[in-house]
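Note sheet for the following structure.
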Amino acid sequence: MSSISIVGGGMVGASLALALQAGAKAAGWQINLIEAQPPKDGGYQPSYDARSTALSQGSARLFAQLGIWDRLAERVEPIAHIHVSDQGQPGVTRLAAHDEGVPALGYVVENTWLGEVLLQALDTAVVHWLAPMQVIAADARAGGYDLTLKSDSGEQQLTTDLLVIADGGRSGLLDSLGVHRQQQRYGQTAIIANITSSKGHKGVAYERFTPNGPLALLPLSEQRSALVWTMPEEQSDAVMALPDDKFLQQLQQAFGYRLGGLTRVGERHAYPLSLIEAAEQVRPHMVALGNAAHSLHPIAGQGFNLSLRDTMALAEHLLAAAERGQNPGDLALLQAYWQQQQRDQQLTVAFSDRLTRLFSNRQPVLTAGRNLGLLGLDLMPPFKHMLARQAMGLKI
């Protein structure tokens, strides 16, 4: 019996397990989902401070293929419009779902809800949930890997035909295997929080480019907005230390009054930002997936959506292997997956990186050029349509 071990039971790892489970059951494969954090008790609990993820229209369609979109949609907030502007400049671009012929340009979902829906959909007869459990060693052998797992009750051994590493952008497991990751620091920190405003968001996602870096406010349930505010690293500590009223004043000054007055801020988190790419995403019997493979700047909202497309492509190749009776860790199989996804990854990484660098630069020539670009996009529907398709994760 073949086995696949997925290290990381978060949104990417659980999505892969769900995509594989029907085919794995038919083929007699076993899936191990290994997660360092203990499973939460008591089910989904709404929280003002819940972290969230922007799902593209393409990701919504992929979750529909997995059979969970109807359940997921009970607690997502549609993005009906996207408003892109540059602080102190006239250039503005507006995107609208009805212009693109879609029900929404994207959706914002709380991570805890997405995680619960994914885990509830897993078939425990096929997917073995090992948590809390850490992989402390992975040793390559002929035909797969020998894993050493550690929990509160001690250590145990596990052999696997395919090791999928989806344990995040700081993957210690990839480091232990000698997989080099290229890192380009942006010199920026992202401050993440939920915001309440007097007017509410009305389904509009705002991308605002300021002298200190990009700022986004995405629509959340109960008329909250999810804030992603990037700024130079040397400024972030002082902003994080501000009391709530002073923090809201500075944010109001940077964002403006399109949402009315900003009245409440929840718990804040700060993250230094880098573009990180694994030099190797596949080896014999090993795949890096999600942030372990590529970690992007959050302002373009492309990271998880790219990872989900990778996940579904990998599942497609593995399910085809199951039908052929092929070992899931076969290098030719994994290379075929990588070759299929390489262009999508390159285009998405370039789109996210160039957008970040373009709108974090205050040189007068670039400022004038990008404002002409924003104005031009609003006046030229074909180009705006191409931008919308890229943002929605759909083929151009």
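Here is how the numbers come out for the structure above:
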quantity: Residue list for the stretch 187-213, restricted to those being touching a His at 6+ places or on another chain (Cβ under 9 Å) and more than 15 Å from residue 272 (Cβ to Cβ); calculated: 193, 202, 203, 204, 205, 206, 207, 208
quantity: Unique residue being within 23 Å of residue 230 (Cβ to Cβ) and among the acidic types (Asp, Glu) when the list is 110, 116; calculated: 110
quantity: Any chance residue 100 is at pLDDT 85 or above and of a type in the set (D, E, K, R); calculated: no
quantity: Counted residues, the stretch 303-316 - those being buried (at least 24 other Cβ atoms within 10 Å of the Cβ) and out of contact with any strand residue (DSSP E or B) (no Cβ under 6 Å at 6 or more places or on another chain); calculated: 6
quantity: Test: residue 135 is over 25 Å from residue 71 (Cα atoms), crowded, with 21+ Cβ neighbours inside 10 Å, touching a helix residue (DSSP H, G or I) at 6+ places or on another chain (Cβ under 7 Å) and β-branched (Val, Ile, Thr); calculated: yes
quantity: Test set (1) crowded, with 18+ Cβ neighbours inside 10 Å; (2) in contact with a His (Cβ under 9 Å, 6 or more places away or on another chain) - residue 69 fails condition number; calculated: (2)
quantity: Filtered residues of the stretch 185-203 (kept if in contact with a helix residue (DSSP H, G or I) (Cβ under 8 Å, 6 or more places away or on another chain) and either modelled with pLDDT under 90 or farther than 30 Å from residue 257 by Cβ (or both)); calculated: 186
quantity: Whichever residue in the stretch 110-144 is charged (D, E, K, R) and not in a strand (DSSP E or B) and, among such residues, is farthest from residue 4 (Cα to Cα); calculated: 116
quantity: Selection from the stretch 208-237 of residues that are in a strand (DSSP E or B), in contact (Cβ under 8 Å) with a residue 60 or more places away in the chain and closer than 13 Å to residue 54 by Cα; calculated: 216, 218, 219, 226, 228
quantity: Filter pass, residue 147 being surrounded by 14 or more Cβ atoms within 10 Å (Cβ to Cβ), under 28 Å from the mean Cα position of the chain (by Cα) and in a strand (DSSP E or B); calculated: yes
quantity: Matching residues in the stretch 136-191 - criterion: being over 16 Å from residue 9 (Cβ atoms) and among the hydroxyl-bearing types (Ser, Thr, Tyr); calculated: 145, 148, 153, 159, 176, 186, 189
quantity: Checklist (1) among the aromatic types (Phe, Trp, Tyr); (2) surrounded by 14 or more Cβ atoms within 10 Å (Cβ to Cβ); (3) not in a strand (DSSP E or B) applied to residue 271, failing item; calculated: (3)
quantity: Qualifying residue in the stretch 294-310 (condition: in the same structural domain as residue 169 (by TED's automatic domain parsing), without any contact (Cβ under 8 Å) to a residue 40 or more places away in the chain and either in contact with a Lys or Arg (Cβ under 7 Å, 6 or more places away or on another chain) or farther than 22 Å from residue 14 by Cβ (or both)); calculated: no
quantity: Unmet criterion (only one of (1) outside any strand (DSSP E or B); (2) surrounded by fewer than 22 Cβ atoms within 10 Å (Cβ to Cβ)) for residue 173; calculated: (2)
quantity: Matching entry among 193, 125 (being touching a Gly at 6+ places or on another chain (Cβ under 6 Å), of a type in the set (A, V, I, L, M) and over 26 Å from residue 282 (Cβ atoms)); calculated: 193
quantity: Flag for residue 158 being of a type outside the set (Lys, Arg), in a strand (DSSP E or B) and under 18 Å from residue 282 (Cβ atoms); calculated: no
quantity: Hits in the stretch 318-328 (condition: in contact with a Pro (Cβ under 9 Å, 6 or more places away or on another chain) and more than 14 Å from residue 25 (Cβ to Cβ)); calculated: 321
quantity: Hey, residue 280 in a loop (DSSP other than H, G, I, E, B) and surrounded by fewer than 20 Cβ atoms within 10 Å (Cβ to Cβ) or not; calculated: yes
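Condition check ((1) surrounded by fewer than 24 Cβ atoms within 10 Å (Cβ to Cβ); (2) at pLDDT below 90) across all residues:
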| site | (1), (2) |
| --- | --- |
| 31 | no, no |
| 37 | yes, yes |
| 44 | yes, yes |
| 75 | yes, no |
| 85 | yes, yes |
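A quick yes/no check of all residues on (1) in contact (Cβ under 8 Å) with a residue 12 or more places away in the chain; (2) assigned to a helix (DSSP H, G or I):
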{"site": "312", "(1), (2)": "yes, yes"}
{"site": "323", "(1), (2)": "yes, yes"}
{"site": "326", "(1), (2)": "no, no"}
{"site": "346", "(1), (2)": "no, yes"}
{"site": "349", "(1), (2)": "yes, yes"}
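The values are calculated or read from the model by the stated rules, or taken from the named source; none is laboratory data. Because the structure is a prediction, the values reported are computed rather than measured. Note that each Cβ is placed from the backbone with ideal geometry, even for glycine, and that neighbours are counted across all protein chains shown.
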